[in-house]
Amino acid sequence: MHQGKLRKKELRELQGKRRFTRADKIAVLVTVVVMLPLAVLFAYPFFWMVTSSVKSNVEIFGSLNPFTPTLRVSNYINAWNDANMGQYFFNSVFVTVFSIIIAVLSNALMGYALGRYKFPGKAIIFVLLGMVIFLPQGFTVIPIFDLINKLGLGGSLWGVTLAESGGVSVVIVLLFAGFFAQMPKELEEAARIDGAGFWRVFWTVYLPLAKPVIATGVILQFMHSWNDFLLPLVLTLTRPELRTLSVGIYDLQNQFNADWGLMTAAASIALLPIIVLFIFLQRYFVESFSGAVKG
């Protein structure tokens with residue numbers, strides 16, 4: 001009897017599976033033929049950088065062969081020690097980690113207020129936020145520099161961290177607002193009956209449900225803080241030891257302009273954390289955008 005039920009279940013599952021027609025197979029083949037060369041084209045610069053990071057200048061420019069019989073790991077050691085990439089790396093980690101904490105928490109709170117509450121001028125706020133997205137970063141450098149100095153944080157990593165915390169805030173706020181807006185009101189009403197106030201409802205009810213958006217906020221803020229060049233350059237002009245990786249790699253052009261192996265090794269060091277983070281959080285990244293679109 002039990003085996004009969006299992007067979008019926010298996011038959012239903014097989015029937016539920018869609019069979020590929022000839023047209024479907026042709027469509028898949030065409031997609032692969034078109035997309036594969038594009039994927040190779042976009043991946044080649046990254047592949048060239050990684051392979052060049054373990055070569056000498058003669059090997060890089062003397063042959064088109066991306067592989068080399070000798071792996072020059074010394075390029076990474078020299079980049080970490082001689083080019084001071086180690087200190088710049090830890091500066092970037094400090095700025096990135098704390099800017100993520102500041103940005104994600106503050107933007108989640110703003111998105112919660114915009115997504116769950118109705119108040120006068122709400123539509124105007126959304127319009128202004130949309131306009132800020134198109135504002136070039138160069139227009140905001142001087143006001144941010146002046147604000148950081150007036151707060152007494154100029155020439156410090158905390159000043160760079162605070163400046164970087166607002167890099168992608170508008171996008172994250174809108175994602176949180178769209179996500180919270182689609183949440184059922186019954187959750188909040190049940191929490192209110194239990195005596196929960198504004199903060200408790202936000203921290204214990206809605207924020208734990210926003211893991212996909214939190215992960216997306218972490219990725220976006222990480223990419224911005226880790227890769228940003230202009231603000232760290234301006235804020236660390238008087239303190240070269242506080243440079244982040246992006247500014248430090250730029251400075252390599254002046255110090256080691258003939259050593260391409262060292263420069264590509266430094267660039268590989270800077271790129272690795274972004275790849276690792278995205279691999280672990282990519283599922284939440286996709287879910288958050290699909291949820292925001294539905295909302």
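Select from the stretch 73-122 the residues that are under 24 Å from Val218 (Cα atoms) and polar (S, T, N, Q) and write down the one among them that is nearest to the chain's Cα centre (by Cα). In this case the residue turns out to be Thr96.
Number of residues in the stretch 220-244 that are in contact (Cβ under 8 Å) with a residue 60 or more places away in the chain and surrounded by fewer than 21 Cβ atoms within 10 Å (Cβ to Cβ) equals 5.
Hey, could you check the stretch 94-108 for residues that are out of contact with any helix residue (DSSP H, G or I) (no Cβ under 6 Å at 6 or more places or on another chain) and touching a residue at least 24 places away in the same chain (Cβ under 8 Å) and say which is farthest from Val201 (Cα to Cα)? The qualifying residue farthest from Val201 (Cα to Cα) is Ile102. Do we find a residue being under 22 Å from Leu207 (Cα atoms), more than 24 Å from the chain's Cα centre (by Cα), without any contact (Cβ under 8 Å) to a residue 40 or more places away in the chain and exposed (fewer than 15 other Cβ atoms within 10 Å of the Cβ) anywhere in the stretch 175-185? Yes, some residue in the stretch 175-185 is under 22 Å from Leu207 (Cα atoms), more than 24 Å from the chain's Cα centre (by Cα), without any contact (Cβ under 8 Å) to a residue 40 or more places away in the chain and exposed (fewer than 15 other Cβ atoms within 10 Å of the Cβ).
Looking across the stretch 53-101 at every residue that is of a type in the set (Gly, Ala, Ser) and open to solvent by 50 Å² or more (accessible area, probe 1.4 Å), the one that is modelled with the lowest pLDDT is identified as Ser63. Number of residues in the stretch 186-198 that are crowded, with 16+ Cβ neighbours inside 10 Å and in a helix (DSSP H, G or I) equals 2. Count of the stretch 64-91 residues, restricted to those that are among the polar types (S, T, N, Q), under 17 Å from Ile269 (Cα atoms) and not in a helix (DSSP H, G or I), is 1. If the condition is being open to solvent by 70 Å² or more (accessible area, probe 1.4 Å), assigned to a helix (DSSP H, G or I) and within 26 Å of Pro208 (Cα to Cα), then the stretch 103-128 contributes Leu105, Met110, Phe126.
May I ask you to list pairs of residues, at least six apart or on different chains, whose Cβ atoms are under 8 Å apart, with the first in the stretch 58-85 being at positive phi and the second being open to solvent by less than 90 Å² (accessible area, probe 1.4 Å)? Taking only residues 6 or more apart or on different chains, the pairs are Asn84/Gly248.
Residues of the stretch 129-163 that are in contact (Cβ under 8 Å) with a residue 60 or more places away in the chain and surrounded by fewer than 10 Cβ atoms within 10 Å (Cβ to Cβ): Gly138 alone.
Of Phe61, Phe94, Phe47, which residue is touching a Ser or Thr at 6+ places or on another chain (Cβ under 9 Å) and in a helix (DSSP H, G or I)?
On the way: Phe61 fails: touching a Ser or Thr at 6+ places or on another chain (Cβ under 9 Å); Phe47 fails: touching a Ser or Thr at 6+ places or on another chain (Cβ under 9 Å).
Result of the check over Phe61, Phe94, Phe47: Phe94.
Does Pro45 satisfy the condition of being modelled with pLDDT under 85, open to solvent by 50 Å² or more (accessible area, probe 1.4 Å), closer than 30 Å to Val170 by Cβ and not acidic (Asp, Glu)? In short, yes. Among the candidates Val168, Val201, Val247, the residue that is open to solvent by less than 10 Å² (accessible area, probe 1.4 Å) and modelled with pLDDT under 85 is uniquely Val201.
The values are calculated or read from the model by the stated rules, or taken from the named source; none is laboratory data. The structure presented is a predicted model; accordingly, all values stated were derived computationally and were not measured. So basically every Cβ, Gly included, is an ideal-geometry build from the backbone, and we count neighbours across all protein chains shown. When the accessible area is computed, the model is the full protein with side chains, heavy atoms only, and any ligands, DNA or RNA have been set aside. Shrake-Rupley method; radii C 1.70, N 1.55, O 1.52, S 1.80 Å.
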